[in-house]
Amino acid sequence: MAIIMVLSSTQPALLVLADGTSYQGFSFGATGTAIGEVVFNTGMTGYQEVLTDPSYCGQIVTFTYPELGNTGANPDDEESAYPQVRGTIARNVCFKPSNWRSTQSLPDYLKQHNILAIYGIDTRALTRKLRSAGAMNGAISTEMLDPVELLSHVQDAPSMAGLNLVREVSTKASYEWSDVTHETWAFGSVAKSADTEPLTVVAIDFGIKRNILRRLASYGCRVIVVPAHTPPEEILKYKPDGIFLSNGPGDPAANSDGIATTKALLTSQKPIFGICMGHQILGLSLGAETFKLKFGHRGLNQPCGLQQQVEITSQNHGFAITAESLDAAEVEITHLNLNDRTVAGLRHKSLPLFSVQYHPEASPGPHDADYLFDRFVQTMREQRTVSQ
């Protein structure tokens with residue numbers, strides 16, 4: 001009887017893909033209609049961090065893990081001020097979480113932030129569809145339950161290729177960040193150097209995750225975050241020891257402001273470190289090209305490496321640098337994604353520049369690549385010594 005009562009109180013929802021495939025399920029979020037690129041994430045943990053990652057702006061995320069919501073939601077696990085996804089797709093949902101950190105259920109959290117969500121569909125079949133046909137636009141709706149009607153709206157939506165979404169997620173004003181990662185973090189906080197002033201890092205916000213800022217602060221850096229459209233001369237007025245290029249959503253090649261700014265900053269001799277979109281922006285500023293991956297890399301266990309060294313990494317991107325477009329005389333590929341051999345890391349042979357396609361700050365994910373923050377700090381210290 002209890003099961004019948006629960007089912008009778010659920011609200012029907014419909015998911016339609018751009019190729020006409022439809023899935024009937026039930027709503028566990030807000031009501032209405034949401035349209036975006038449908039992708040999948042293979043992580044077994046960290047759903048709240050994924051939902052609030054600005055890199056997912058414009059996307060509807062399918063979670064391959066069979067049940068969401070067991071640990072609820074809480075303010076500490078947010079990677080930005082609110083969820084950035086257009087919608088959420090799950091197989092099963094827990095409406096009564098059990099975790100000492102939880103402050104509300106996942107369905108209540110999504111309703112609070114007006115995020116549509118659907119559950120009760122075969123996410124295995126959906127994932128196979130996206131792997132074979134590629135990531136594509138789709139829609140979740142609780143108000144249009146006719147697949148033909150909803151498909152007409154999906155077909156009018158723009159493709160992710162060529163879409164600049166950075167302007168939707170970047171900060172509107174500059175600010176300084178000082179919070180560090182919790183003391184239980186695997187690598188702990190790194191003590192500031194006793195014989196030097198704090199290193200100043202200007203982070204260009206293409207859609208930055210909070211844990212990147214925490215890791216930079218944990219390594220003793222003074223972190224200043226600036227909007228994505230900030231001119232290079234304004235960035236240099238902060239007299240930075242280094243410049244950080246953040247992650248972010250959309251097509252990196254469409255972010256013309258970020259590419260132009262980075263290209264102008266190359267002549268400053270300042271150390272530059274890029275993550276995810278920042279990696280792509282750095283490559284584009286060096287004359288490389290990018291392309292859209294079939295279904296992207298989104299998960300917590302992507303192997304990356306080169307020369308018999310492997311890191312298990314957290315990833316979230318739908319574009320990659322074309323390896324053949326890099327100038328081998330100036331740029332060295334330092335990491336490959338070992339699943340498909342796409343470029344996962346690079347460094348300049350003469351300038352203090354390097355970047356990775358994955359997320360060394362984890363949150364969620366493994367901490368294998370946290371050393372990259374230390375490498376950035378050491379590069380800034382060396383460059384400061386040379387400049388003195």
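The conditions of being surrounded by fewer than 24 Cβ atoms within 10 Å (Cβ to Cβ) and under 19 Å from the mean Cα position of the chain (by Cα) are met by P364. Being of a type in the set (G, A, S), in contact with a Leu (Cβ under 9 Å, 6 or more places away or on another chain), assigned to a helix (DSSP H, G or I) and crowded, with 24+ Cβ neighbours inside 10 Å holds for only one residue in G250, G283, G274, and it is G283.
Against the list (1) hydrophobic (A, V, I, L, M, F, W, C); (2) within 27 Å of R131 (Cβ to Cβ); (3) at pLDDT 95 or above; (4) crowded, with 17+ Cβ neighbours inside 10 Å, the condition F291 fails is (4). Counting the residues of region 80-100 that are touching an Asp or Glu at 6+ places or on another chain (Cβ under 8 Å) and in a strand (DSSP E or B) gives 2. Within region 31-52, is even one residue among the small types (G, A, S), surrounded by 23 or more Cβ atoms within 10 Å (Cβ to Cβ), in a loop (DSSP other than H, G, I, E, B) and in contact with a Ser or Thr (Cβ under 7 Å, 6 or more places away or on another chain)? Looking for residues that are among the small types (G, A, S), surrounded by 23 or more Cβ atoms within 10 Å (Cβ to Cβ), in a loop (DSSP other than H, G, I, E, B) and in contact with a Ser or Thr (Cβ under 7 Å, 6 or more places away or on another chain), one finds none in region 31-52, hence no. Being modelled with pLDDT of 95 or more, on the phi > 0 side of the Ramachandran plot and either more than 23 Å from the chain's Cα centre (by Cα) or in a loop (DSSP other than H, G, I, E, B) (or both) holds for only one residue in G207, G188, and it is G207.
Taking the criterion of being without any contact (Cβ under 8 Å) to a residue 60 or more places away in the chain and either surrounded by fewer than 12 Cβ atoms within 10 Å (Cβ to Cβ) or closer than 13 Å to Y65 by Cα (or both), the only residue of region 126-137 that qualifies is S132.
Of the residues making up region 36-68, just one is out of contact with any Phe, Trp or Tyr (no Cβ under 9 Å at 6 or more places or on another chain) and of a type in the set (F, W, Y), namely Y56.
Candidates G20, G69, G58: the one that is out of contact with any helix residue (DSSP H, G or I) (no Cβ under 7 Å at 6 or more places or on another chain), at positive phi and either among the hydroxyl-bearing types (S, T, Y) or not assigned by TED's automatic domain parsing to the domain that holds P249 (or both) is G58. Just one of (1) under 25 Å from T52 (Cα atoms); (2) in a strand (DSSP E or B) fails for G305. It is (1). Take the conditions buried (at least 24 other Cβ atoms within 10 Å of the Cβ), of a type in the set (K, R), farther than 23 Å from V85 by Cβ and not assigned by TED's automatic domain parsing to the domain that holds V50 and apply them to R222. Does it pass? No; evaluated as a whole, the condition is false for this residue. For region 210-247, filtered to residues that are assigned to a loop (DSSP other than H, G, I, E, B) and in contact with a Pro (Cβ under 8 Å, 6 or more places away or on another chain), the residue that is farthest from H182 (Cα to Cα) is D241.
Of all residues in region 104-119, those satisfying the criterion of being in a loop (DSSP other than H, G, I, E, B) and in contact with a Gly (Cβ under 7 Å, 6 or more places away or on another chain) are S105, I115. Filtering region 253-264 to residues that are out of contact with any His (no Cβ under 9 Å at 6 or more places or on another chain) and surrounded by fewer than 23 Cβ atoms within 10 Å (Cβ to Cβ) leaves A253, A254, S256, I259, A260, K263, A264. Within region 323-335, residues that are closer than 9 Å to L286 by Cβ and in the same structural domain as S355 (by TED's automatic domain parsing) sit with their Cβ atoms under 8 Å from residues that are assigned to a strand (DSSP E or B) and of a type outside the set (V, I, T), at 6+ positions apart or across chains, in these pairs: L326/L346; E330/H348; V331/L346; V331/R347; V331/H348. Please find, among Q307, Q280, Q302, Q269, the residue that is of a type outside the set (V, I, T) and without any contact (Cβ under 8 Å) to a residue 12 or more places away in the chain. It is Q307. For region 53-78, taking the residues that are part of a strand (DSSP E or B) and either of a type in the set (G, A, S) or surrounded by fewer than 17 Cβ atoms within 10 Å (Cβ to Cβ) (or both), the one that is nearest to the chain's Cα centre (by Cα) is identified as A73.
The values are calculated or read from the model by the stated rules, or taken from the named source; none is laboratory data. The model shown is predicted, which means the values in this text are computed figures rather than measured ones. Neighbour counts are summed over all protein chains in view; Cβ atoms, including those assigned to glycine, are modelled from backbone coordinates with ideal geometry.
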